[in-house]
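First the structure, in the form of structure tokens, and then the observations on it.
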Amino acid sequence: MTSSAPIWRHIGTSPPPESTRERLTTVIVGAGPVGLTMALDLGRRGHRVTVLNKLNYIAVGSKAICFAKRTLDIWQRLGAAEAMVRKGVRWETGKVFWGQREHPIYQFDLLPVKDQRMPAFINLQQYYAEELLVEALSRLPNVDIRWGHEVTALTAHTDCTELRVSCGEFSYAIDASWLIACDGHKSPIRQLMGLDFAGRMFEDNFLIADIRVAQEGAAERRFWFDPPFNPGQSALLHKQPDDVWRLDFQLGPNIDRAACVRPENVEPLVRGLIGKEVQFTPVWYSVYTFHCRRMERFVHDRVIFAGDSAHLVSPFGARGCNGGIADADNLCWKLDLVLKGDASPRLLDSYNSEATAIADENIRCSTRSTDFMTPKSTVSRAFRDAVLELANKFEFARPWVNSGRLSQAVSYPNSDLNTPDANGGEWGGIPPGSPAIDAPIGEGWLLDRLGDRFVLLTNGWRGAVPIGIDTVDVSNSASDTGLIRQRYDLQPQSAYLIRPDQYVAARWRNPTQDDVNAAVARATGAGLV
């Protein structure tokens, strides 16, 4: 399929299948980062996966660039992160500027817990991320990406979904046992099913200016409130690979969108931020508004929604794509168990509850960021400016400054898959429903040892474990595991049950075999029908 969007890498239209009707187990619609991550996770677990993408190329554009540590941890587990980090710009420092002040009113560290394999963030253009994911998928013969294949009709049944797919002049049908919609914010799958979003649309407008500047600059996030080059508004700066910089300028409501991207109107803003003498080349200009919305449910029998097709947030805080990768991480191990017959399809209800919890947290943070950055009344602006004034002088006020809370892993403290601590427990460490934290172990890293299966992380506990559950014992001081014992509050005979997505399912001071069996059963949805 052709489009007016600029092309980063032309792939070409995949040939149509030999049959005009196929029966496939798992079909993913959309080959963006979320759909490709879904395919990579399920493919590495041995499942046959078909990806349908209406475009026959990887597109350029002002898309995601900030990938958070949690996303990098997920991609590391899937064998794709090292290439991402090599290409990307690593950063962990954010600086906040205000008004005419030359120096930041304060700065913050986005990786306060050190000694972890992955950085707090990398900046990497989305087309690079997609290209590297496609490269990783090319090594999996059980994953078929069909470029230039567009879903044009859909009929959902309780046991399968019937798709009509167009490939040039050829049309064919697919009966998909499971359909995962990762087809973006305009989601044709969502529209074909007559489903919609609920939430809030913001009236403000923002200009993205990606420019190429051949000079060194600090790898850090810089945010301006009310800068002299964009008075009464805000601005944001990020460094990307290939000497490309992302500049983001608030424009306000009621603008002429076409006029705002004309070079003669963009250049004064760019010059105000980078300086009058710095030479730059335009790469991409665009204007956007945004929504903070989500679907009521993400699971509709055999059709499952993820990423922007399921939820939308503002770009401030890098929560959109990172939230979508979290969806993939949450869903794939559960669908793996269902496909293997080791769990009931009812286990996927926990994807709905946990993924909507992710979306709600991201929407809440994103909405609060936008309200702080774009005050809508004299009173709210006075409050915002008072907070900035206090933050310039006093550390206690700095957490109140909201220039876009940066994406972090979301916990599920109320998940039905969690086993609560016995008798409330007296623990430091990491509670059930929270993601595991990395640390060195021997010459490697803990998250690598945990992998993508259920693991019992112990400090000398020697009880029997269910079949298929591996054990990582950190009681051997020769393995340099003191930091793990500290971070997890792993006293002797303590143990953690870690899920395949590296979330904590349960923990005990000295569990019985029955304790472990019951927690594994609960985390896999045993007993659900």
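Highest-first packing order for the peptide set 23-34, 512-523 is 23-34, 512-523, based on the mean count of other beta carbon atoms within 10 Å. Projecting label points 7 angstrom from Cα along Cα→Cβ for R381 and T367 puts them 2.4 nm apart. Per residue, the average separation of C-alpha pairs within less than 8 Å and at least 6 apart gives the range 189-338 a relative contact order of 28 percent. Tell me, what is the FRET efficiency for N265 and D360 to the nearest 0.05, using R0 = 45 angstrom and their Cβ-Cβ distance as r? Efficiency for this residue pair is about 0.75.
Label zone of I7 (point 7 Å out along Cα→Cβ, amide N under 17 Å): in the range 165-188 this covers 168. Every Cα-Cα pair in the range 261-331 was counted, and those over 13 Å apart are 74% of them. Relative contact order for the chain: 14 percent, from Cα pairs under 8 Å spaced at least 6 residues apart, divided by residue count.
Dipole check for the chain: with +1 at the C-beta of Lys and Arg, -1 at the C-beta of Asp and Glu, and the Cα centre as origin, the magnitude is about 440 Debye. Using R0 = 25 Å, the C-beta based FRET efficiency linking R449 and A422 works out to 0.45. Shown is the FRET efficiency for Q215 and T155, computed with R0 = 35 Å from the Cβ-Cβ distance and rounded to the nearest 0.05: 0.05. How would the range 224-275 be classified by its alpha-carbon gyration tensor: rounded, prolate or oblate, with rounded meaning a/c under 1.5 and the a/b versus b/c comparison settling the rest? Verdict is oblate for the range 224-275.
Sorting the segments 368-380, 461-473 by their residues' average number of neighbouring beta-carbon atoms within 10 angstrom, most packed first, yields 368-380, 461-473.
Compute the Cα gyration tensor for the chain, then decide on rounded, prolate or oblate, letting a ≥ b ≥ c be the square roots of its eigenvalues: rounded whenever a/c is under 1.5, prolate when a/b is larger than b/c in the other cases, and oblate in all that remain.
oblate
Counting beta carbons within 10 Å around each of R86, R146 and listing the fewest first gives the order R86, R146. Once a ≥ b ≥ c are taken as the square roots of the eigenvalues of the Cα gyration tensor of the range 422-523, is the result rounded (a/c under 1.5), prolate (a/b larger than b/c) or oblate (a/b not larger than b/c)? Rounded, because the longest to shortest axis ratio a/c is under 1.5. Among beta bridges identified by DSSP and lying wholly in the chain, the antiparallel ones come to about 70 percent.
Here the residues K69, K63, ranked from fewest to most Cβ neighbours within 10 Å of their Cβ, fall in the order K63, K69. Between K340 and A518, the simple label model (points 7 Å from Cα in the Cβ direction) yields a spacing of 2.5 nm.
Distant-in-sequence amide contacts of C66, defined by a placed amide H-H separation under 5 Å and a gap of 5 or more residues or a different chain, comprise L124.
Counting neighbouring Cβ atoms within 10 Å and putting the fewest first, the residues H291, H10, H311 line up as H10, H291, H311. Of the DSSP H helices in the chain, those that are both long (alpha-carbon extent of 20 Å or more along the helix axis) and hydrophobic (Kyte-Doolittle mean at least -0.5) are 320-339, 378-393.
Computed from the coordinates by the stated procedures, all read-outs in this text should not be read as laboratory data. Fair warning: this is a prediction, and the values are worked out from it, not measured in the lab. For neighbour counting, all protein chains shown are included, and Cβ atoms are generated from backbone atoms with ideal geometry for every residue, glycine included.
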